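Student: Quick one: the structure is below, questions incoming.
Laboratory data are not the source of any read-out in this text; all were calculated from the coordinates shown. As the structure is a computational prediction, the values presented were derived from the model and not from experiment. Cβ coordinates were reconstructed from backbone atoms using ideal geometry, including for glycine residues, and neighbour counts include every protein chain displayed.
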Amino acid sequence: MSYSLNQIPIFEALKDSQSILLAGAGGGFDIFCGIPLYFNLKQQGKKVTLANLSFTWLSETTSEKVFPNCYKIRGGVIDLSGRNCFSGKIPEIVVRAAR
């Protein structure tokens, strides 16, 4: 069976969706699976939000707290000790912090 990225089953399931949440919980999902899906869905005109469970102490960073235990991560966010945890160009990501 031959298929391209646009023909895998998830795209058929999401064809009528306009707003999609891609969420990961570690183990490389957000990089190896979520990011390619993000860009492909954006190319299809979908509104896509990335989310990820983080084991970083996000309350100790300059990230924006949007809800209890939920932070918005953008490129350039640094931790309060001055280390740059989230450097480079990244899509806007909403992250729920692990307790």
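Student: Where does the charge balance sit around Ile20 when Lys and Arg score +1, Asp and Glu -1, over other residues with C-beta under 12 Å from its C-beta?
Tutor: Working: positive: Lys15, Lys42, Lys46, Lys47; negative: Asp16.
Local charge sum for Ile20: +3.
Student: Working out 0.36 nm times the residue gap between Trp57 and Gln7, then minus their Cα-Cα distance, what length gain in nm do you get to one decimal? Let's see the in-between values first.
Tutor: Working: separation 50, 0.36 × 50 = 18.00 nm, distance 3.84 nm.
Fully extending the segment from Trp57 to Gln7 adds 14.2 nm.
Student: If you take the beta carbon distance between Val66 and Phe39 as r and set R0 to 22 Å, what does 1/(1 + (r/R0)^6) give as a FRET efficiency, to the nearest 0.05?
Tutor: Details: r = 23 Å, r/R0 = 1.06.
Given R0 = 22 Å and the Cβ-Cβ separation, E is 0.40.
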